[in-house]
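Input: a single structure, listed below in structure tokens.
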Amino acid sequence: MLELAHPLDTVPQPSPLRDARERRDLTLRAVALRSGLSEQEIEWLEDGRIYRFPSQSAAILAAVVYATAVGIDKAEARKLAGLPVTRSMTVNARARLIAVGAVAALLSALAVMVLTPNLRLTRTRTVEAIPNAALPAPWKLDINVENGSGDIGWTRELASRIGGMGYTIAHVGRADRFDYAQTTVYYGAGGKDVGLRLARQLGVPLAPSPGLKARQLLVIVGPKTVAATN
């Protein structure tokens, strides 16, 4: 499904991958030819629209292929991801990139960079699913994520996070207005339990919305807060 176009949605967002490509004077087409990725897939990576890929693993592997095509080594990958770079990482970078260990380092660093493209990490936190055998699996639910604050970058980042929890992202677009005070999960008739599970995973409020089906949830994304990024 296509995203709804809106002037605020087209404002360029900070992108470490795009910056790395443009520093090398490479076009989308040039990287596509080098990597075998489509230009659309490259744009998804650079814009942080990870929910467009079939899975988080597919997105991370595409990022590794992208990095190889652009020529990003271990030290630069960690720098772009906001991770510390030691002096030993900058020595003989070409040889390190060829080594298997460098591939593993690229994978871990690029995973951070792709999944949270605008975040400089100081700590990590794992979101644990709330076990409940009576609830349908996350991938059996359709999640619509809507931009309710005017920040499409944050909306896409949160959509990617929800997708990383195993949920199916059905649509990402704009809400009916941009003055929502906080991010909220909305559920329809018969969907309160699954809505509560997602709301707890995100640490946000839950509210009913009569127009939604039992296995359909709506996340309206409010302003980005410090608590929401952790």
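Going by the conditions given, is Ala170 assigned to a loop (DSSP other than H, G, I, E, B) and either under 27 Å from Pro54 (Cβ atoms) or out of contact with any strand residue (DSSP E or B) (no Cβ under 8 Å at 6 or more places or on another chain) (or both)?
Numbers: assigned to a loop (DSSP other than H, G, I, E, B): no; either under 27 Å from Pro54 (Cβ atoms) or out of contact with any strand residue (DSSP E or B) (no Cβ under 8 Å at 6 or more places or on another chain) (or both): yes.
In short, no.
If you go through the stretch 175-208, how many residues are open to solvent by 40 Å² or more (accessible area, probe 1.4 Å) and part of a strand (DSSP E or B)?
Of the stretch 175-208, the ones open to solvent by 40 Å² or more (accessible area, probe 1.4 Å) are 176-179, 181-182, 186, 189-190, 192-193, 196, 200, 203, 205-206, 208.
Restricting the remaining residues to those that are part of a strand (DSSP E or B) gives 186, 206, 208.
Number satisfying all stated conditions: 3.
So in the stretch 140-163, with the set limited to residues that are farther than 10 Å from Val219 by Cβ and assigned to a strand (DSSP E or B), which one is most open to solvent (accessible area, probe 1.4 Å)?
By that ranking, first place goes to Asp142.
Identify, by number, the condition in (1) within 22 Å of Ala30 (Cβ to Cβ); (2) open to solvent by 50 Å² or more (accessible area, probe 1.4 Å); (3) modelled with pLDDT under 55 that Thr90 doesn't meet.
Against the list (1) within 22 Å of Ala30 (Cβ to Cβ); (2) open to solvent by 50 Å² or more (accessible area, probe 1.4 Å); (3) modelled with pLDDT under 55, Thr90 comes up short only on (1).
The values are calculated or read from the model by the stated rules, or taken from the named source; none is laboratory data. This is a predicted model, so every value here is computed, not measured. Because the Cβ atoms are built from the backbone with ideal geometry, glycine has one as well, and the counts that use them run over all protein chains shown. Side chains are part of the model used for accessible areas, which takes the heavy atoms of the whole protein and leaves out ligands, DNA and RNA. Shrake-Rupley method; radii C 1.70, N 1.55, O 1.52, S 1.80 Å.
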